[in-house]
1. Taking the conditions exactly as written (surrounded by fewer than 14 Cβ atoms within 10 Å (Cβ to Cβ), over 23 Å from residue 350 (Cα atoms) and within 15 Å of the ligand (Cβ to nearest atom)), does residue 274 satisfy them or not?
2. Of a type outside the set (Asp, Glu), within 26 Å of residue 87 (Cα to Cα) and in a helix (DSSP H, G or I): is that true of residue 278 in this structure?
3. When only residues in the stretch 34-57 that are more than 18 Å from the chain's Cα centre (by Cα) and of a type outside the set (Gly, Ala, Ser) count, which is farthest from the ligand (Cβ to nearest atom)?
4. When the residues of the stretch 194-232 are filtered to those that are surrounded by 14 or more Cβ atoms within 10 Å (Cβ to Cβ) and of a type in the set (A, V, I, L, M), which remaining residue is farthest from residue 121 (Cα to Cα)?
5. Could you say whether any residue in the stretch 228-240 is over 29 Å from the mean Cα position of the chain (by Cα), in a helix (DSSP H, G or I) and either more than 16 Å from the ligand (Cβ to nearest atom) or modelled with pLDDT of 95 or more (or both)?
6. Which ones in the stretch 241-271 are within 12 Å of the ligand (Cβ to nearest atom) and in a loop (DSSP other than H, G, I, E, B)?
7. If a residue must be over 18 Å from residue 272 (Cβ atoms) and of a type in the set (A, V, I, L, M, F, W, C), how many such residues does the stretch 33-49 contain?
8. What number goes with the only condition from (1) over 30 Å from residue 91 (Cβ atoms); (2) part of a helix (DSSP H, G or I); (3) at pLDDT 95 or above that residue 189 does not pass?
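The values are calculated or read from the model by the stated rules, or taken from the named source; none is laboratory data. Everything quoted here is computed from the prediction, not taken from an experiment. Quick reminder, even Gly has a Cβ in these numbers, built from the backbone with ideal geometry, and neighbours come from all protein chains shown.
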Amino acid sequence: MLSQRFFYFCAMANNDDQFKKVISHAKEYGYIFGSSEIYDGLSAVYDYGQQGVELKKNIREYWWRSMVHMHQNIVGLDSAILMHPTTWKASGHVDAFNDPLIDNKDSKKRFRADVLIEDYAEKLQQKADKEIEKARKRFGDSFDEQQFITTNPRVVRYLEQKNEALTRMARSLENEDLQDIKKLIEELEIADPDTGSRNWTEVRQFNLMFGTKLGASADSAMDLYLRPETAQGIFVNFLNVQKSGRMKIPFGIAQTGKAFRNEIVARQFIFRMREFEQMEMQFFVRPGEEMKWYEYWKETRLNWHLSLGLGEENYRFHDHEKLAHYANAAADIEFNFPFGFKELEGIHSRTDFDLKAHEKYSGKKLQFFDPELNENYVPYVVETSIGLDRMFLAVLSNSLKDETLEDGSSRTVLSLPAILAPVKAAVLPLVKKDGLPEIAGEIIDRLKFDYNVVYDEKDAVGRRYRRQDAAGTPYCITVDHQTKEDGTVTVRHRDSMEQDRVSIESIDKILRNSIAYGDWLS
Ligand code: ATP
């Protein structure tokens, strides 16, 4: 066994720099390109390159398996992006899918008013956290965090200010009192983060749905919307799936697919896009049992995230103060992106709002006959909804590291979870002659049915290792002259950089073990 152990530390760039690095790395290694770049791009629309499309597909698959294959009572669906326009009247999107926008008169920049206030609140939270950390260091083991939070005047003040701001915002949004939102921004002295200007316009509501038309002639064309969420395709198919699949409550319907939102502000790469993909699951339950399932799905979804090993400290729950028109409980799973903790996934108890609304607007019953209770009812719904692109960003940004090795050299490594890595192994002949490329080709032919593997013969092997490290490939398989003699190769592990000498026959087992869904998901 050839084992070479390096010790290294990660050079963590500051958050802004780290985010810029993620964006340029994503482009350089074929993960993400700006849409129609040769025409200067289209704001907040992105294309996934040769590596990105594989990573995205693997994240989708990881989600799909955990939802559909691992739950006997959850089935899939693939509904159309275009839906009858009344769908969006019933769902409330035509009347209420708005964001409050505000413009800065000096910088001419547009902001979401609620996000300005939330960012302000987050800063207060960070100040409080800093005080708590300082005290934790000072008092050591005897530190009582709960007592400190409730008695330290500075921390109490920060947290009170934060809660007051969020509660008032929630109340004003609830009452559609946009004047008060503007007043609150002024009272909190919130400024344009880039210019410091406090010269704000009034706050206005802005509907986020993209309109389009169905039909050829102008007079008979029907006004449609591109779906702003995949969930409604599930609701309108509730009875189709329930009856054809003989589903019994509780059961779920899962789907992944594109959604479109004309976002007011879309400045954070693929975090907020105008065309994006969602992975949603609607779980239909007995009325009155929704809170039990809401808690179940909160825990189950957090565990799914933790299974990928991106670090427990990078997740937190945020319970909603202001509930959407359809919900009686809602929480976000927030992730520590390079620009701070932000929503990655939402878990919502949507009550019977959607199915009842579709019953009303369509005139068709959307009910379930519960044989145990011997009654018909409109089920309640608990939804889990995650943005595939946001998940992609979470994985990519968390995995990108600069490392300084013990010998003083450095490397960039994309330590993607092996199960998600676009390419599982690169097969490298040590030299381009002596029959080594042919053996490498044979190894690829053995593996290609089960794994995405690539061949790389250009440059010295050390450079090829670095290239595969930066591309996120977990294994490099090197064919050298010894291979010809005894049928063994070197397997190099991306994260530890350790190398093992193994037989060609055992490569399959190594790869299989590292990407066994059973090990990752259980
Ligand atoms: P936000 O508050 O960030 O606008 P939201 O609460 O409107 O998000 P939901 O309607 O709950 O989001 O959508 C579910 C998930 O879809 C979100 O948790 C997020 O991961 C993803 N998502 C929503 N909007 C976008 C977007 N514009 N770009 C990328 N992903 C998005």
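1. Values: surrounded by fewer than 14 Cβ atoms within 10 Å (Cβ to Cβ): no; over 23 Å from residue 350 (Cα atoms): yes; within 15 Å of the ligand (Cβ to nearest atom): yes.
So residue 274 fails the test.
2. So residue 278 does not fit the description; no.
3. Checked the stretch 34-57; the qualifying residue farthest from the ligand (Cβ to nearest atom) is 38.
4. Filtering first and then ranking leaves 224.
5. Yes, because at least one residue in the stretch 228-240 is over 29 Å from the mean Cα position of the chain (by Cα), in a helix (DSSP H, G or I) and either more than 16 Å from the ligand (Cβ to nearest atom) or modelled with pLDDT of 95 or more (or both).
6. 261, 262, 263, 264, 265, 266, 267, 268
7. So the answer is 1.
8. Only one criterion is unmet by residue 189, namely (2).
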